Amino acid sequence: MDLDEVRPGEHIVCKIDKIYPYGVTVTLEEYPGLAGFVPLSQIANRWIKNIRNFVRPGQIKVGVVLSINRERKQIDVSFSRMNTINERKKMISWRETKRSQQLLSVLAKDMKKEQDEIWNDLVPKILEKYNSVTEAFKVMLEFGKDGVKEIPEQYREALYKVVSRSMTITKKEIIENVELRITTGAGLIEIKKLFKEMPENKGVEQKISYLGGGKYQLKFVSNGYKTIEKHIKNVNDYLIAKVGKNGDLNIKRRE
């Protein structure tokens, strides 16, 4: 990596290398081959009696680039100027980037291609729409191999297999309580038929429970809220159209 790629003020992930009484040397995890130095005065926002009470070899921390001395090839970094919120955001972003790189490495191996070729073919296109590669992978996991149109078609099936076996998404659920009464014909039979013919979505699990007194619970479960919301709209439109003037319908979402 070149020093020109590093910018003053940038938040960077550092790994503690050597500890001295006057500061610590660090490796820059996002810039292979580059190292930095954190002066004692930039370790913490309070008086330091023993520097080893604040850092330890191998520890991962987020710092702010203070200055870059290109003649000496030295990057000065501060830990004390990094607040907790920004540190957490940076760590999450860094871990997601590492994970994405690992998955693309697996994809390259599966497709017998060079990793740089995979990266150049996929990442620029993905980042035109998504904030991160991981975000695009999550969308693909939710909507299937064709869920991310920015990914060239020749990669979709193989990438979807890699993502599916390597990533998981916490299931989301939405519950609606439905009060339903049919005033024409054989009411109960009509209600059973109504629910039996209710729209389905292969990406959404749905369960209907009878609560008694003309009340029903509809539970919808999927990988993402957008998928559920779209399906619920179809279900509610269907119920409203079918019940119409033939009965009473009240739909409430459970908070």
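The values are calculated or read from the model by the stated rules, or taken from the named source; none is laboratory data. A quick note: this is a predicted structure, and the numbers were derived from the prediction, not measured. Glycine gets a Cβ as well: all are built from the backbone with ideal geometry, and neighbour counts include every protein chain shown.
Observations on the structure shown:
- Checklist (1) farther than 30 Å from Asp121 by Cβ; (2) touching a residue at least 12 places away in the same chain (Cβ under 8 Å); (3) not acidic (Asp, Glu) applied to Met167, failing item: (1)
- Cross-chain or 6+ apart pairs with Cβ under 8 Å, the stretch 101-123 first and in the same structural domain as Thr134 (by TED's automatic domain parsing) and closer than 15 Å to Gln154 by Cβ, then of a type in the set (Asp, Glu) and assigned to a helix (DSSP H, G or I): Ala108/Glu117
- Any hit, the stretch 134-155, residues being over 17 Å from the mean Cα position of the chain (by Cα), modelled with pLDDT of 90 or more and hydroxyl-bearing (Ser, Thr, Tyr): yes
- Applying the criterion of being of a type outside the set (Val, Ile, Thr), at pLDDT 85 or above and in a helix (DSSP H, G or I) to the residues of the stretch 166-224, the residue that is surrounded by the fewest Cβ atoms within 10 Å (Cβ to Cβ) is Lys196.
- Residues in the stretch 109-138 that are surrounded by 14 or more Cβ atoms within 10 Å (Cβ to Cβ) and touching a helix residue (DSSP H, G or I) at 6+ places or on another chain (Cβ under 9 Å): 18 in all.
- Condition check for Lys226: in the same structural domain as Leu103 (by TED's automatic domain parsing), within 30 Å of Lys98 (Cα to Cα) and not hydrophobic (A, V, I, L, M, F, W, C): no
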